[in-house]
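Asker: Would you mind keeping the following structure in view while I ask a few things?
The values are calculated or read from the model by the stated rules, or taken from the named source; none is laboratory data. Values in this document were obtained by computation on a predicted structure and should not be read as measured data. Cβ atoms come from the backbone with ideal geometry, glycine included; neighbour counts cover every protein chain shown. To get the accessible areas, we keep the full protein, side chains included, count just its heavy atoms, and leave off ligands, DNA and RNA. Shrake-Rupley method; radii C 1.70, N 1.55, O 1.52, S 1.80 Å.
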Amino acid sequence: MTPPPLTHFDADGQAHMVDVSGKAVTDRVALAEGFVRMTPQTLALVTSGTAKKGDVLGIARLAGIMGAKKTSDLIPLCHPLPITKVALELEPQPDLPGIRIAATVKTGGQTGVEMEALTAVSTACLTVYDMLKAAEKGMEITGIRLLRKEGGKSGTYEAD
């Protein structure tokens, strides 16, 4: 099977922003996740609320929301979108050990919000790292991926 053509390149191979003006406005949603792996001792700082910089999960949630809203400023060929919802879940996971971060982003538009969901997760993960780096510099940000997207011409995608 031949892979679909890359849409961010024109016929001459030059990068360009895709013209979505002919696409229908539809409801779109994307869900992404990522993880920040850390030692049990560092995770205890989060769950006990004793991290030196304050409320790690609350600040990371706000950072993720802000990241989603700024996606088109960070990703050169990404369209600015009227985001209608950004929600982040930050869950301490003792078995990891670390934090699982999931972001859901919604819009009514002509292109999807996958990049906004991925940027929300990435920004929240980086904020967790920033807030805890004094305690542990060896934390690992891992597993950032799209879990689900709905809407648009290509329909629904769900990760395995």
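Asker: Which order do peptides 72-83, 50-61 fall in by mean Cβ count within 10 Å, highest first? Let's see the in-between values first.
Answerer: Working: 72-83: 13.7, 50-61: 16.6.
Going by the mean number of other Cβ atoms within 10 Å, highest first, we get 50-61, 72-83.
Asker: Moving to a separate point now. Quick check on my link table: of LYS106/LYS153; LYS69/LYS149; LYS70/LYS133; LYS23/LYS106; LYS52/LYS149, which ones sit more than 27 Å apart, alpha carbon to alpha carbon?
Answerer: Details: LYS106/LYS153 16 Å; LYS69/LYS149 18 Å; LYS70/LYS133 24 Å; LYS23/LYS106 17 Å; LYS52/LYS149 37 Å.
With Cα atoms farther than 27 Å apart: LYS52/LYS149.
Asker: While we're here: Give me the one-decimal nm value for the distance between modelled label points at ASP12 and GLU91, 7 Å along each residue's Cα-to-Cβ direction.
Answerer: Spacing of the two 7 Å Cα→Cβ label points: 5.0 nm.
Asker: Still on this model: What distance in nm lies between label points placed 7 Å from Cα along the C-beta direction at LYS70 and ALA134?
Answerer: In this crude label model, LYS70 to ALA134 measures out at 2.2 nm.
Asker: Order the peptides 111-122, 144-155 from the highest to the lowest mean number of other Cβ atoms within 10 Å of their residues. Working shown, then result.
Answerer: Numbers: 111-122: 25.8, 144-155: 15.2.
Order by mean packing, descending: 111-122, 144-155.
Asker: How much accessible area per residue does the chain have, in Å², with a 1.4 Å probe? Walk me through the intermediate numbers first.
Answerer: Values: 9190 Å² over 160 residues.
For the chain, the per-residue accessible area is 57 Å².
Asker: Follow-up question, since we're still on this one. Across 10 Å bins from the origin, how do the percents of Cα pairs in the chain run, short distances first?
Answerer: Histogram of Cα-Cα distances, whole percents per bin: 11, 35, 29, 17, 7, 1.
Asker: While we're on this one: Once the Cα gyration tensor of the range 24-63 is found, what semi-axes does its equivalent ellipsoid get, as square roots of 5 times the eigenvalues, in whole Å, sorted largest first?
Answerer: 32, 13, 6
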